[in-house]
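Shown next, in structure tokens, is the structure this report addresses.
The values are calculated or read from the model by the stated rules, or taken from the named source; none is laboratory data. As the structure is a computational prediction, the values presented were derived from the model and not from experiment. Here Cβ is always computed from backbone atoms with ideal geometry, including for glycine, and neighbour counts include all displayed protein chains. With ligands, DNA and RNA removed, areas are computed over all heavy atoms of the protein, side chains included. Shrake-Rupley method; radii C 1.70, N 1.55, O 1.52, S 1.80 Å.
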Amino acid sequence: MSKWSEIVAPTLEARLTEYWAPYGISLAAGMQLRLQAQTDLFFLTKDLLGWAKLTESTHREICDFFVKKDPSFTTFEEFAKDYEAHERGLKDRVLLVPRGGFKSVINVSDCVQYILCWPAINIIILTGKQNLAVGFVRELKGHFTLAEDGKPAIALLNGKPNPNGQPSNFQILFPEYCILPTAAEMGTQDSFQCPLVPEAKEPTVTASGVESANVGWHYDILKCDDVVTDQNSSTLH
């Protein structure tokens, strides 16, 4: 199987046309769905990543809280500078939703969307305990991980394999972003490296606890998720 990371832009559409043919997806339809996934977080989370319990009336508003991305910008740096220059919204945001509101699920999906728009991006996941951040990265990595035979994995339904056994539409639409479930491609448990940028200095996504040392690392996006614990909230320090 050829590595999708070797695809260059001029040949991408031809390769996708060939790849989608057995699934009955035309190039025009597939590219439109890819763009929708890059720009509509609710669609990406519910329809492609399998969180069917999300509802339009409740979770659309939460999804729209996150930064609206514009993949027409070639790099994240270009997007970020334009975003700031035109005051398109706050960069620093705090989402306060009760337990069970799918905050972390949508937060993982938001990271997936950043990667789909700009594969060379660097994101750090900061939680109160390192193991929570590792779990966050594990869930994210799972969306990109193919079956052992290199074909799309079974689609997820609310975090579990879909009982009807259908392949992941997400992986079908974005095959060049996916990795094999081998040690070499999976990397460490606390990081994910997008296969489109295999030689990057920092991983695409890194897990970290609030007490970990990250001196010398540079990140484009800081994601704080459950940073307050029983231990670190008991003192002023």
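Number of residues in the stretch 99-112 that are open to solvent by 40 Å² or more (accessible area, probe 1.4 Å) and touching a residue at least 60 places away in the same chain (Cβ under 8 Å): the value is 2.
Kindly evaluate LEU96 against the criterion of being of a type in the set (A, V, I, L, M) and in contact (Cβ under 8 Å) with a residue 12 or more places away in the chain. Considered against the rule, which asks whether it is of a type in the set (A, V, I, L, M) and in contact (Cβ under 8 Å) with a residue 12 or more places away in the chain, LEU96 comes out as no.
When the stretch 113-144 is examined, which residues are found to be among the hydrophobic types (A, V, I, L, M, F, W, C) and touching a Phe, Trp or Tyr at 6+ places or on another chain (Cβ under 8 Å)? ILE115, LEU116, CYS117, TRP118, ALA120, ILE121, ILE123, ILE124, ILE125, VAL137, LEU140, PHE144 - these are the residues of the stretch 113-144 that are among the hydrophobic types (A, V, I, L, M, F, W, C) and touching a Phe, Trp or Tyr at 6+ places or on another chain (Cβ under 8 Å). Of the residues making up the stretch 90-109, those that are part of a loop (DSSP other than H, G, I, E, B), at negative phi and not acidic (Asp, Glu) are LEU90, LYS91, ARG93, VAL94, LEU95, LEU96, VAL97, PRO98, ARG99, GLY101. Of everything in the stretch 118-133 that is in a helix (DSSP H, G or I) and open to solvent by 10 Å² or more (accessible area, probe 1.4 Å), the residue that is nearest to GLN36 (Cα to Cα) is LEU132. Scanning the stretch 77-89 for residues being touching an Asp or Glu at 6+ places or on another chain (Cβ under 9 Å), open to solvent by less than 60 Å² (accessible area, probe 1.4 Å) and modelled with pLDDT under 90 gives a total of 1. Annotation: of all residues in the stretch 27-68 being open to solvent by 60 Å² or more (accessible area, probe 1.4 Å) and in a loop (DSSP other than H, G, I, E, B), the one that is farthest from SER109 (Cα to Cα) is LYS53. Count of the stretch 105-140 residues, restricted to those that are touching a strand residue (DSSP E or B) at 6+ places or on another chain (Cβ under 9 Å) and of a type in the set (Phe, Trp, Tyr), is 2. Going by what's in this entry, would THR74 be described as open to solvent by 60 Å² or more (accessible area, probe 1.4 Å) and farther than 22 Å from SER168 by Cβ? Judged against the criteria, THR74 is a match. Among the residues making up the stretch 150-163, those that are part of a strand (DSSP E or B) and either among the polar types (S, T, N, Q) or surrounded by 15 or more Cβ atoms within 10 Å (Cβ to Cβ) (or both) are ILE154, LEU156, LEU157. Among the numbered conditions (1) of a type outside the set (Phe, Trp, Tyr); (2) in a helix (DSSP H, G or I); (3) more than 13 Å from the chain's Cα centre (by Cα), the only one that GLN171 does not meet is (3).
Listed here are the residues, each with its yes/no results for (1) open to solvent by 20 Å² or more (accessible area, probe 1.4 Å); (2) among the small types (Gly, Ala, Ser); (3) at pLDDT below 80; (4) not in a loop (DSSP other than H, G, I, E, B).
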{"residue": "GLY165", "(1), (2), (3), (4)": "yes, yes, no, no"}
{"residue": "GLU176", "(1), (2), (3), (4)": "no, no, no, yes"}
{"residue": "THR188", "(1), (2), (3), (4)": "yes, no, no, no"}
{"residue": "VAL197", "(1), (2), (3), (4)": "yes, no, no, no"}
{"residue": "SER208", "(1), (2), (3), (4)": "no, yes, no, yes"}
{"residue": "VAL215", "(1), (2), (3), (4)": "yes, no, yes, no"}
{"residue": "TYR219", "(1), (2), (3), (4)": "yes, no, no, no"}
{"residue": "VAL227", "(1), (2), (3), (4)": "yes, no, yes, no"}
{"residue": "HIS237", "(1), (2), (3), (4)": "yes, no, yes, no"}
